[in-house]
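*Asks:* My questions all concern the structure below.
Laboratory data are not the source of any read-out in this text; all were calculated from the coordinates shown. Nothing here was measured: the structure is a model prediction, and the numbers come from that model. We place every Cβ from the backbone using ideal geometry, glycine too, and count neighbours over all the protein chains shown.
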Amino acid sequence: MSSMLRVTELETAYGAILALQGMQIEVNRGEVVALIGANGAGKTTSLRTISGLVAPRRGRIEFLGQNITGWRPDRRVALGLVQVPEGRSILGRMTVQENLEMGAYLRRDPAGVSADLKRVWDRFPRLAERKGQLGGTLSGGEQQMLAIGRALMARPQLLLLDEPSMGLAPLVVQEVMQWVQEINREGITVLLVEQNARQALRIAHRAYVLETGRVVLHGPAADLARDPRVVGAYLGGRTA
Ligand code: ATP
């Protein structure tokens, strides 16, 4: 298996608060890797550091064999490291199509961009039906669909997903997880941050458990889903 992302000894602080304290993870090409943990464990900070939105105090981020630790976020996007932010950040007063086009703003291949737009319409017919509608009028699930579609427009090799299940009804959460699985099967590697550990472990190949900015457990998702420490702390006492 070839390593796509390797994060070592990452330390990220907000003023005096040390949110990541030597965090280490690795993602191989083709995997869905889940990062689970309680509120405030550092999940969002991990993704924001990997995508370059916050700078680490220490540590190293390697993507596709390059040390990208000091790179600007847009340069990382151009290399194929694309984040779907928490809360989706859909532009409510722009149309569905304009939101999708925003995802391709760094690209200089108009023919490729229109081909990818067509692919998004094919993958998500509900977006195609609503292409002229304002982003803010979509349901929560549709907004998540749009946020993922917008990330696909940047041609990701590794998709960073921050809590895609947040605020969605259980059936919609299952749908979102299914999209993630399909996208992965088509060749996109995924790093998934979730508070909903049960759903994340169901679709992930491997997972890391984060506590106070450190990885405390990791392994195949199926093993973690049966691990008493995970079951007790993150699965409400029931196996996944
Ligand atoms: P959540 O599920 O609530 O998003 P999380 O696991 O993603 O939690 P982070 O949001 O990464 O955790 O937060 C890690 C720590 O950093 C917490 O102690 C949090 O209070 C702190 N923190 C996060 N963002 C900021 C910020 N902008 N300023 C100050 N402290 C922050």
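*Asks:* When only Cα pairs under 8 Å and 6 or more residues apart are kept, what is the percent relative contact order across the chain? The partial results should precede the final answer.
*Replies:* Details: 475 pairs, mean separation 64.9, N = 240.
Once normalised by length, the contact order is 27 percent.
*Asks:* Another question, then. So if I take the centroid of the Cα atoms in the stretch 191-240 and the same for the stretch 120-169, what is the distance between those two points in Å?
*Replies:* Cα centroid to Cα centroid, the span is 25 Å.
*Asks:* Right, here's the next one. Only four residue types carry charge here, +1 at the Cβ of Lys and Arg and -1 at the Cβ of Asp and Glu. Report the dipole size of the chain about the Cα centre in Debye, rounded to the nearest 20. Don't jump to the answer; show the numbers that get you there.
*Replies:* Working: 30 positive and 23 negative charges, 46 e Å.
Its charge dipole is roughly 220 debye.
*Asks:* Here's a follow-up. To check you understand DSSP bridge types, tell me what percent of the beta bridges within the chain (both residues inside) are antiparallel, rounded to 5.
*Replies:* Values: 23 of 41 bridges.
Taking every DSSP beta bridge within the chain, about 55 percent pair in antiparallel fashion.
*Asks:* Per residue, what volume in Å³ does the Cα convex hull of the chain take up?
*Replies:* 121
*Asks:* Could I ask something else about it? I need LEU64, LEU47 ordered by Cβ neighbour count within 10 Å, fewest first. Intermediate results must be reported in sequence, preceding the final value.
*Replies:* Values: LEU64 15, LEU47 23.
Fewest-to-most Cβ neighbours within 10 Å comes out as LEU64, LEU47.
*Asks:* Also: Can you figure out the FRET efficiency of ARG107 with GLN181, using R₀ = 25 Å and their beta-carbon distance, to the nearest 0.05? Walk me through the numbers before you get to the answer.
*Replies:* Working: r = 26 Å, r/R0 = 1.04.
Efficiency, rounded to the nearest 0.05: 0.45.
*Asks:* So how many Å³ per residue does the convex hull of the Cα atoms of the stretch 52-133 work out to?
*Replies:* Once divided by residue count, the hull of the stretch 52-133 is 124 Å³.
*Asks:* Is the C-alpha gyration tensor of the stretch 1-55 telling us rounded, prolate or oblate? Criteria: a/c under 1.5 is rounded; beyond that, a/b larger than b/c is prolate, otherwise oblate.
*Replies:* On the way: a/c = 2.32, a/b = 1.76, b/c = 1.31.
Prolate, since a/c reaches 1.5 and a/b exceeds b/c.
*Asks:* Choose one of LEU81, ALA55, GLY42: the residue whose Cα lies farthest towards the positive end of the charge dipole of the stretch 18-83 (beta-carbon charges +1 Lys, Arg; -1 Asp, Glu; about the Cα centre).
*Replies:* Checking the options against the dipole of the stretch 18-83, the answer is ALA55.
*Asks:* Further question: Sorted from fewest to most neighbouring beta carbons within 10 Å, what does the list LYS118, LYS43, LYS131 look like? Write down the numbers at each step before the final one.
*Replies:* Details: LYS118 11, LYS43 25, LYS131 15.
Least crowded to most crowded, the residues run LYS118, LYS131, LYS43.
*Asks:* How many nm is it between the label spots at ASN39 and THR137, if each spot is 7 Å from the Cα in line with the beta carbon?
*Replies:* 3.5
*Asks:* Given R₀ = 41 Å, FRET efficiency for ASP122-VAL216 by Cβ-Cβ distance, to 0.05?
*Replies:* Working: r = 41 Å, r/R0 = 1.01.
Result of the calculation: an efficiency of 0.50.
*Asks:* Please list the non-local residues whose amide H lies under 5 Å from the amide H of GLY22, H modeled 1.01 Å from N, same-chain partners needing a gap of 5 or more.
*Replies:* When sequence neighbours closer than 5 places are left aside, the close amide H contacts are LEU10, GLU11, THR12.
*Asks:* What distance in nm separates the two pseudo spin-label positions at ILE17 and ARG60, each 7 Å out from Cα along the beta-carbon direction?
*Replies:* Those two pseudo-labels are separated by 3.0 nm.
*Asks:* Please identify every one of the GluC sites (Glu not before Pro) in the stretch 170-206 that sits in a loop by DSSP and has no more than 14 other beta carbons within 10 Å of its own beta carbon. Provide the component values of the computation, followed by the final result.
*Replies:* Working: sites: GLU175, GLU182, GLU186, GLU194; in loops: GLU186.
Answer in residue order: GLU186.
*Asks:* For the residue pair GLU98 and ARG6, what label-to-label distance in nm results when each label sits 7 Å from Cα along the Cα-to-beta-carbon direction?
*Replies:* According to this spin-label approximation, the distance is 4.4 nm.
*Asks:* Multiply the residue gap between ARG72 and ARG202 by 0.36 nm, knock off their C-alpha separation, and tell me the result in nm, one decimal place.
*Replies:* Working: separation 130, 0.36 × 130 = 46.80 nm, distance 3.33 nm.
That pair, ARG72 and ARG202, stretches by 43.5 nm at full extension.
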